[in-house]
Amino acid sequence: MKKYPLVSIIIANWNGGSVYEECLSSLSGISYPNWELIVVDNGSTDGTTKLSLNPKFKVKSSKLIRNKANLGFAPANNQGNKIAKGKYLLLLNNDTLVDPSFLSILVEKMEKEKDLGVIQPKVRIMDNPEYLDNAGSFITMIGFLHHWGFMQKDRQEFNREREVFTTKGACMLIRKSIVEKIGLFDSDFMSYFEESDFCWRVWLSGERVLFYPRTQIFHKVGFTIKRLGVGNLNWHYYKNRICSLVKNLGIGKLIIILPVHLIVSLGISFAFLFKSQFKNALIIWKAICWNILNLDKTLKKRKKVQKVRVVSDKFIFDKLSVPVDWKSFFSDFKRVEKDLKRNS
């Protein structure tokens, strides 16, 4: 008889509207027979809190945590993890649609390969499914990530499984035992880069992170950005990335990469200044200042991270880094600049 270990599916919801309702509808049709749903509602005011326990969605076991305000993606998932009973955690965005067999395929892979800590399916763009949102990301020697497959048309290259530095937070299946060992998300991150920081710690602890394209989900790209604001998310992205570098890099790589990362970040801020985009420049300066003011707290976190380290930076960078693609880097800068202008 085939065993189906319990999977705890955690969804953080904040005013998800009809998009969230469609997510629950697709989830209720999955073939995997043994799962519980944990919804952490971040103070929704659009009535979607009631959807989480609606009997029309075929969920055997559902739990609801209600927050009075939007605490962010990272704290909400940490709350869900505390009451999760599953052998595996599935973190799923509220703006996704899933294939019926996706969870069965992901769990089967995790059951076969015991050193897998995290696995991600192919993530397609919901409104343009021929294109990918993400197929995993890789670290670079300047501390920024290279997002493999981002906004690219799906092709043969993305049909092979591949170890990645980090998965996409929109859908990631996690072995609960690794969370018990290293924790889940850094709650100070609130939103953005929390999954990258977590996957980095997974690698440091000796387990693997995998992109597995045998199955897929669909993600409504831009849904969260429109509601939270690009400026707010960009601030967290810069703040959290700097903090993660300080926490997770060994001392040798930290001395090399952190100064370069700060120089590049300041260069971006001066580019904003040159274009009279003072608010955008301020985002980066605020992120750097936050890290200076919270350095003592970050160093305490770093001490805990380095205690569980069993692999070297050399192993990680040899295996999971890519050269800086400056053309792609500047293209990303222009895209973010455009988004910031649109939302200013």
Next on the checklist: Given bins 20 angstrom wide, list per bin the percent of all Cα-Cα distances in the chain, short to long.
Outcome noted: 31, 61, 8, 0
Checklist outcome for this item: The ³J(HN,Hα) series, computed from each phi in the stretch 275-288 with the Karplus coefficients 6.51, -1.76 and 1.60 at θ = phi - 60°, rounded to the nearest Hz and given as x for glycine or proline, is 9, 6, 9, 5, 4, 5, 5, 4, 4, 6, 4, 4, 5, 5
Checklist entry - How high is the FRET efficiency from Ile255 to Arg162, r the C-beta distance, R0 22 Å, rounded to 0.05? => result 0.15
Checklist entry - Can you give the extra length, in nm with one decimal, that the chain gains between Lys2 and Met151 once fully stretched, where that is 0.36 nm per residue apart less the Cα-Cα distance? => result 49.8 nm
Next on the checklist: Suppose a student asked you for the relative contact order of the stretch 7-227, using Cα pairs under 8 Å spaced at least 6 residues apart; what percent would you report?
Outcome noted: 25
Checklist outcome for this item: Residue by residue through the stretch 253-268, the couplings from Karplus 6.51 cos²θ - 1.76 cosθ + 1.60 with θ = phi - 60°, in Hz, x for Gly and Pro, are 5, 4, 5, 7, 7, 4, x, 5, 4, 5, 5, 5, 4, 5, x, 5
Checklist entry - Tell me, Arg160, Arg175 in order of fewest to most beta-carbon neighbours within 10 Å? => result Arg160, Arg175
Checklist outcome for this item: Expected vector for the stretch 191-206, Karplus 3J(HN,Hα) from phi with 6.51, -1.76, 1.60 and θ = phi - 60°, integer Hz, x for Gly and Pro, equals 8, 6, 6, 5, 6, 5, 4, 5, 4, 4, 5, 4, 4, 4, 7, x
Checklist entry - Which value in nm describes the separation of the simple spin-label points at Lys85 and Trp285, placed 7 Å from the Cα toward the beta carbon? => result 5.3
Item to check | Least to most buried among Phe198, Phe189, Phe272 (fewest other Cβ within 10 Å first) | outcome: Phe272, Phe189, Phe198
Checklist entry - In what order do Met126, Met110 fall by count of nearby beta-carbon atoms within 10 Å, going from fewest to most? => result Met126, Met110
Checklist entry - Fully extended, how many nm does the chain gain between Leu273 and Leu64 (0.36 nm per residue separation, minus their Cα-Cα distance)? => result 70.7 nm
Checklist entry - Does the stretch 122-187 classify as rounded, prolate or oblate by the C-alpha gyration tensor (a ≥ b ≥ c root eigenvalues; a/c under 1.5 gives rounded; else a/b over b/c gives prolate, otherwise oblate)? => result prolate
Next on the checklist: Below 17 Å, Cα to Cα, which lysines can Lys220 reach? Residues fewer than 8 away in the same chain don't count.
Outcome noted: Lys122, Lys153, Lys168
Checklist outcome for this item: Which residues qualify? For Val324, with a placed amide H closer than 5 Å and at least 5 residues away or on another chain, they are Met141
Checklist outcome for this item: CD proxy, 222 nm, the chain: helix-only mean residue ellipticity via -39,500 (n - 2.57) per DSSP H run with n ≥ 4, per residue, nearest 500, stands at -14500 deg cm²/dmol
Checklist entry - If R0 is 30 Å, what FRET efficiency do you get for Leu262 and Asp318 from their C-beta distance, rounded to 0.05? => result 0.80
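None of the figures in this text is laboratory data; all of them are computed from the coordinates on show. Quick caveat: nothing in here was measured; it's all calculated off a predicted structure. Cβ: placed from backbone, ideal geometry, glycine included. Neighbour counts: every protein chain shown.
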